[in-house]
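Read the structure below first, then the notes.
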Amino acid sequence: MTPAVLGVIDEVLTSSGFHEAVGVLSARLGRSREGVMADSRAYLEEMASKQGRVAVDVWARWARYLYSRAFRLDVDAAEVRRIRELAASHPLVFLPSHRSNLDPYVMCSLLHQSGMPVNHTLGGINMAFWPLGPLGRRVGVVFIRRSFRDNDVYRFVLQRYLSFLVSKGVNLEWYIEGTRSRTGKLAPPRLGLLNYLVDAVDALDRVDVLAVPTSITYDVLPEARDMTAESRGSAKKAEGLRWLVRYARAQRGDMGAVHIRFGEPLSLAVAAGEDRRLAVSKLAFEVCVRINRATLLTGSALLLFALLGVEGRALTLAEVQEVTEPVIAYAELRAIPLDTSARALTSCTGLQDALHFLVDNGLVMEFAEGPEPVYRIEPDQELVAAFYRNSILHWFVDRAIVELVLLHLTTHAREGSIVRQGNEEAWRIRDLLKFEFFFPERAEFDQALAAEMSIVDEHWRVRGSEQLSAAHGLLTRSGLLVAHRTLRSFIEAYLVVAEHLVELGDVAAVPADVVTCCLSLGRQRVLQRRVASDEAVSAHLFGTAMKLAQHRELLGGEMLSDREAFAAELRDLLPRIEVVHDLDREQACRDEVRVP
């Protein structure tokens, strides 16, 4: 441990109020003051770091070398200037999405190139092996334990160390999901570190820390195959020096771009107040919403979105274009941010280039031995392809819900307000998906659905209930159908879990055991064609389904009737998703007939 790091440890231990707080904590825990102080020093020795200019320069160059052999960096220069201006007057905490172990390297290189201070980055202590551990502590990496909920002294030390860093005006960085996303979709936020930081900010006078929501996405990613393999039950590979060498070697070739976009910053002061827990939860939720709003619709993700919706059928270039062009038009109508590769899909050359990029990276297969080439997802790569598609799904969820609501009204419309009935059905679907996606408050949600309805049919407000409930024509004329591409895998995964819970009868369910059983059950149902989407067989989707089941109190053995109702609710959605798929296929067939 360097003298500089030892100096940081001593400065924290002798900071104002530290000894008094140790005395209060030791009394509450029934431990000696000396024992708590000894533990505090030991924990600080794990997490403390001190940046050195030379070390930071070397690290930033290494970081750029590591990712630039495979990726080009795509950033918005105006956004970078705005963040640099904010950094001149406020301490910042960057809260990025987390899809790759490359994320902190890319962030470090970007900040260093932009003339901003390199962040103190909080990372898992599993990455503190040699040489990353000693080097990381010289460039501001704060290594923390993965789990410390029941360790009061550790939590106390971490909060004090964060307070120390904020008081020094340094910028922080950590990944709000807590770990890399295994599905490609933004995962629920982990609130622990944010709670500690808000406590640290409150303990300091006149310090306004800004949270910077940050979206990081990749066109393709070598480690996606390993992460999605974990969704099928594979064990996570342990990190170490050999792992690091293999990982560095894998970052080469043409893997497209890594896209970084910054959302609108938030002041951490908004989390102050009496109901701290609720305030921090709302703050974290808003950070995630802003990350999603900043996430680009990339060409790779859009193409995979299209190809995953045809259930393994190979498409000609013209057919791929027929699927992608309405999505691009919809994105432009809704002002969804598109990257240049997505905009290029409207030309045959741009579309061919994007398809060949995915072919070269093993995600799409090209069959060129017939009259014209056709393309489909590479066999056994559906879950990997879904990883990239899932990064953009949040842009289409409201539209998918509107499609399912309209089909519900076709057969279930009652006397009374058709709009109210539609909203009730939308709220029911939203409640099923609330652990997957970040939905706004109900009033804002209703407004979003109304806006989507206006895109489907601009005259919907003045139509009668009979016209609105005749949804097939409205949906077909809308030009874009997405429910089968957006929601099928989630609903099918949830139904596998729900039906397994029913099969358990009056036996209490253990979440880990249910997930393990559902991996086998899901694979069987794919073979039986009872599950259409291969990417539905995912431990992570099954795990989220179990969170919903637990939230609905369905894990106890006495809940059989409620379990059956849960399964019935999911079964009610699948035929509608199939109708959307059929309408989409019929539209594609009509388009083929019209082609001269």
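The values are calculated or read from the model by the stated rules, or taken from the named source; none is laboratory data. Nothing here was measured: the structure is a model prediction, and the numbers come from that model. Here the Cβ is made from the backbone with ideal geometry for all residues, glycine too, and neighbour counts use every protein chain on show. For the accessible areas, the whole protein counts, side chains as well, though only heavy atoms, and no ligand, DNA or RNA atoms are used. Shrake-Rupley method; radii C 1.70, N 1.55, O 1.52, S 1.80 Å.
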Problem set entry | Where GLY362 falls short, out of the listed (1) free of Cβ contacts under 8 Å to residues at least 24 places away in the same chain; (2) part of a helix (DSSP H, G or I); (3) open to solvent by less than 30 Å² (accessible area, probe 1.4 Å) | (2)
Seminar exercise, completed: Among (1) crowded, with 22+ Cβ neighbours inside 10 Å; (2) closer than 21 Å to LEU95 by Cα, ARG155 falls short only on (1)
For this session: Only residues that are of a type in the set (Gly, Ala, Ser), under 16 Å from LEU162 (Cβ atoms) and assigned to a helix (DSSP H, G or I): list them for the range 1-54, please.
Result: ALA21, SER40
For this session: Kindly indicate whether any position in the range 163-170 is in a loop (DSSP other than H, G, I, E, B), within 29 Å of VAL54 (Cβ to Cβ) and within 28 Å of the chain's Cα centre (by Cα).
Result: yes
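Can you find a residue that is open to solvent by 70 Å² or more (accessible area, probe 1.4 Å), farther than 30 Å from GLN381 by Cβ and of a type outside the set (Gly, Ala, Ser) anywhere in the range 526-541?
Checked the range 526-541: no residue is open to solvent by 70 Å² or more (accessible area, probe 1.4 Å), farther than 30 Å from GLN381 by Cβ and of a type outside the set (Gly, Ala, Ser).
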For this session: Filter the range 245-266 for residues that are charged (D, E, K, R) and in a loop (DSSP other than H, G, I, E, B) and give the result.
Result: ARG252, ASP254, GLU264
Exercise. Does ARG477 fit the bill of being within 17 Å of VAL580 (Cβ to Cβ) and open to solvent by 50 Å² or more (accessible area, probe 1.4 Å)?
Worked result: yes
Problem set entry | Residue selected from the range 441-465 under the condition open to solvent by less than 30 Å² (accessible area, probe 1.4 Å) and either charged (D, E, K, R) or touching a Lys or Arg at 6+ places or on another chain (Cβ under 6 Å) (or both), by the criterion nearest to LEU541 (Cα to Cα) | GLU452
Problem set entry | Odd one out for VAL198 among (1) part of a helix (DSSP H, G or I); (2) in contact (Cβ under 8 Å) with a residue 40 or more places away in the chain; (3) more than 22 Å from ILE83 (Cα to Cα) | (3)
Seminar exercise, completed: Apart from one, (1) surrounded by 22 or more Cβ atoms within 10 Å (Cβ to Cβ); (2) within 30 Å of GLU444 (Cα to Cα) all hold for LEU307; the odd one out is (2)
Exercise. When only residues in the range 45-67 that are in contact with a Ser or Thr (Cβ under 6 Å, 6 or more places away or on another chain) and of a type in the set (A, V, I, L, M) count, which is surrounded by the fewest Cβ atoms within 10 Å (Cβ to Cβ)?
Worked result: ALA60
Exercise. Where residues in the range 392-440 are basic (Lys, Arg) and at pLDDT 90 or above, which of them is surrounded by the fewest Cβ atoms within 10 Å (Cβ to Cβ)?
Worked result: LYS434
For this session: Of the conditions (1) open to solvent by 30 Å² or more (accessible area, probe 1.4 Å); (2) closer than 30 Å to VAL397 by Cβ; (3) not acidic (Asp, Glu), SER181 clears all except one; give me its number.
Result: (1)
Exercise. What residue, among those in the range 88-119 that are open to solvent by 30 Å² or more (accessible area, probe 1.4 Å) and out of contact with any Ser or Thr (no Cβ under 9 Å at 6 or more places or on another chain), is nearest to VAL142 (Cα to Cα)?
Worked result: PRO117
Problem set entry | Every residue from the range 298-334 that is of a type in the set (S, T, N, Q) and part of a loop (DSSP other than H, G, I, E, B) | THR298
For this session: Kindly establish whether ALA224 is buried (at least 17 other Cβ atoms within 10 Å of the Cβ), under 30 Å from VAL515 (Cβ atoms) and modelled with pLDDT of 85 or more.
Result: yes
Exercise. Which one of the conditions (1) in a helix (DSSP H, G or I); (2) surrounded by 14 or more Cβ atoms within 10 Å (Cβ to Cβ); (3) of a type in the set (D, E, K, R) does ARG277 fail to meet, given that it meets all the rest?
Worked result: (2)
For this session: Kindly check whether there is at least one residue in the range 551-561 that is charged (D, E, K, R), within 30 Å of LEU474 (Cα to Cα), open to solvent by 50 Å² or more (accessible area, probe 1.4 Å) and at pLDDT below 95.
Result: no
Problem set entry | Subset of the range 365-379 that is open to solvent by 40 Å² or more (accessible area, probe 1.4 Å) and touching a residue at least 12 places away in the same chain (Cβ under 8 Å) - its residue that is nearest to ALA329 (Cα to Cα) | ARG376
Exercise. Going by the structure shown, is ARG252 open to solvent by 40 Å² or more (accessible area, probe 1.4 Å), in contact (Cβ under 8 Å) with a residue 24 or more places away in the chain, within 22 Å of ARG72 (Cβ to Cβ) and of a type outside the set (Gly, Ala, Ser)?
Worked result: yes
Exercise. Taking ALA42, is it open to solvent by less than 50 Å² (accessible area, probe 1.4 Å), without any contact (Cβ under 8 Å) to a residue 12 or more places away in the chain and more than 30 Å from GLU264 (Cβ to Cβ)?
Worked result: yes
Problem set entry | Those residues of the range 443-457 which are of a type in the set (D, E, K, R) and assigned to a helix (DSSP H, G or I), in sequence order | GLU444, ASP446, GLU452
Exercise. Quick one: is VAL22 buried (at least 16 other Cβ atoms within 10 Å of the Cβ), farther than 17 Å from THR121 by Cα and either acidic (Asp, Glu) or in contact with a Phe, Trp or Tyr (Cβ under 6 Å, 6 or more places away or on another chain) (or both)?
Worked result: no
Exercise. Within the range 458-576, which helices (runs of 4 or more DSSP H) (wholly inside it) include 2 or more residues that are under 29 Å from the mean Cα position of the chain (by Cα) and of a type in the set (A, V, I, L, M, F, W, C)?
Worked result: 488-503, 511-527, 539-551
